[in-house]
1. Would you give the gap between the C-alpha center of segment 1-77 and the C-alpha center of segment 161-229, rounded to a whole Å?
2. Could you pull out every residue, at least 5 positions away or on a different chain, whose amide H is within less than 5 Å of the one on His176? Hs are placed 1.01 Å off N in the peptide plane, and Pro or chain starts have none.
3. Kindly write out, for segment 14-19 in residue order, the coupling ³J(HN,Hα) from the Karplus curve 6.51 cos²θ - 1.76 cosθ + 1.60 (θ = phi - 60°), rounded to whole Hz, with x marking Gly and Pro.
4. Tell me which residues come under 5 Å, amide H to amide H, from Val4 once H is placed; ignore anything under 5 positions away on its chain.
5. Under 5 Å between amide hydrogens, which residues at least 5 positions from Gly105 or on another chain qualify, with H placed 1.01 Å from N in the peptide plane?
6. For the Cα atoms of the chain, what angle does the longest principal axis make with the long axis of helix 58-71, in degrees from 0 to 90, nearest 10?
7. Sort the following peptides by mean Cβ neighbour count (other Cβ atoms within 10 Å, averaged over residues), highest first: 180-189, 114-123.
8. Computed over the Cα atoms of segment 1-69, what is the ratio Rg over Rh, Rh following Kirkwood?
Amino acid sequence: MPLVTLNDILPAARAEGRAVCAFNVVNCESAKAALDAAERESQPVILQVFHRLFQDDKARIVAALARDLAAHTHLPVVLHLDHGQGLEQVRQAVSYGFTSAMLDGSTLPLDENIAATREAARIAHAGGLSIEGEIGHIPSAADADVELPLSTPEEAAEFAAATGVDALAVAVGTAHGFYRHTPTIHTDLARRIGAEVSIPLVLHGGSDTPPDKVRDLIGAGFAKVNIATEFFQVFLDQVRLQSERLAGKFLPIDLFMNPVTEAMSDLAAQKIRLCKTIGGRSRHTGCCAKR
Ligand SMILES: [Zn+2]
């Protein structure tokens, strides 16, 4: 089926107390691993492309891969710009055939973030894309010891109403990458934000956040869970392992990559199972029941 937007899958996920995994993809293997996992678990999936890949031709190439993968599955697939840096990247996402974009204005003062995100929403919606915004900057785990302001229910409600975003990333203690210490995840704050804001919330830093905390956040209204670091780490570990097994001998790289892709798909399937768990039970509904 053709690529869909966040609006086609996230409101239903939030209403049912589950979340859709968003995997960062950079090439054929990572995109195929994410989609294979979605098919194994019969769940929708978001393929997202980090803003750095928009600095050369990689985002355009990955977009073509994602369109092809979506065309050959019955599952809903979203192609999303991750942490878009400015309006020009949102326009690029529109022109490359993305169906969703994020404008990350989280390092700006709130009023400037609102103004930039509102304009990004206008561009995205005019192009038929959904749009994600962010308030209360979510750090990398390496910086997580630094005291950073958390999002508040009031600013989340103000931001959502003023910008027209379709999904909202908020800072409740998660961080990007691997944590150096056990993180403090503010689940009470997350619940209060979820009570104020009806649009789906987005969990950045889904990689290393403890599973019970991820489930708590899904229960609070987080319906998109981003996974990048852990997914990429599996790639690096498997490439190292396969290289050691090869011991200097030749192997065509499509064959070399097969076990790497399978290992990434296993990790992705594990994450999808965590996010589709409702009340401690796995449920095969969502996309399949909806269609
Ligand atoms: Zn992020």
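All of the numbers you see were taken from the coordinates with simple rules; none came from a lab. Since the model is a prediction, treat every value here as computed from it, not as a measurement. Positions of Cβ are backbone-derived with ideal geometry, glycine not excepted, and every protein chain shown enters the neighbour counts.
1. Taking the Cα centre of each part, segment 1-77 and segment 161-229 sit 19 Å apart.
2. Ser140, Ala141
3. The phi angles translate into 4, 4, 9, x, 10, 9 Hz.
4. Amide H to amide H, under 5 Å and 5 or more residues apart or across chains, Val4 pairs with Val77, Val78, Leu79.
5. Glu134
6. It is inclined by approximately 80 degrees.
7. Result, highest mean Cβ count within 10 Å first: 114-123, 180-189.
8. 0.99
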